[in-house]
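First comes the structure, then the notes that go with it.
Since every read-out is calculated from the coordinates, none of them should be taken as a lab result. None of the values given here were measured: they were computed from a predicted structure.
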Amino acid sequence: MAKGKIVIDIDMCKGCGLCLAACKFAVTSLSQQGQSNKHGYRYLTAAQPEQCTGCGMCALMCPDSAITVWRSTKKS
Ligand code: SF4
Ligand code: SF4
């Protein structure tokens, strides 16, 4: 089964949350109140990275290209 990994450029993120709605697997969440990037925004974190399938929907939704998705298709 394909497994994925996301890499988040936290300083590109403005905390809009569009990608959160796109992820069916609840992989991501926003940083805690008071945790902000260099622009003063809460930013995306991968709270449950083991759940990522690499579907790419979060990256497609992000208007700021803050997410890169890696996908493994290694056969078991
Ligand atoms: S690649 Fe898919 S499963 Fe992984 S965090 Fe993004 S939307 Fe969720
Ligand atoms: S869609 Fe992009 S800018 Fe918005 S919260 Fe997600 S990673 Fe951040």
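For segment 36-52, in order, what is each residue's ³J(HN,Hα) by Karplus, 6.51 cos²θ - 1.76 cosθ + 1.60 with θ = phi - 60°, in whole Hz (x at glycine and Pro)?
Result, ordered by residue: 10, 7, 5, 9, x, 9, 4, 10, 6, 10, 9, 6, 10, x, 5, 8, 6 Hz.
For Cα pairs less than 8 Å apart in space and 6+ apart in sequence, what is the mean separation divided by the residue count of segment 3-70, i.e. the relative contact order in percent? Write down the numbers at each step before the final one.
Numbers: 124 pairs, mean separation 31.8, N = 68.
Reported relative contact order: 47 percent.
Just how many pairs of Lys in the chain have C-alpha atoms closer than 18 Å, counting pairs that are eight or more places apart or on different chains?
Within the chain, the lysine pair count is 7.
Cα extents of segment 3-70 along the three principal axes, largest first, in whole Å?
Taking max minus min along each principal axis of the Cα atoms, segment 3-70 gives 32, 20, 18 Å.
Using only helices, what value at 222 nm comes out for the chain when you add -39,500 (n - 2.57) per DSSP H run of length 4 or more and divide by the total residues, to the nearest 500 deg cm²/dmol?
Result for the chain: -2500 deg cm²/dmol, rounded to the nearest 500.
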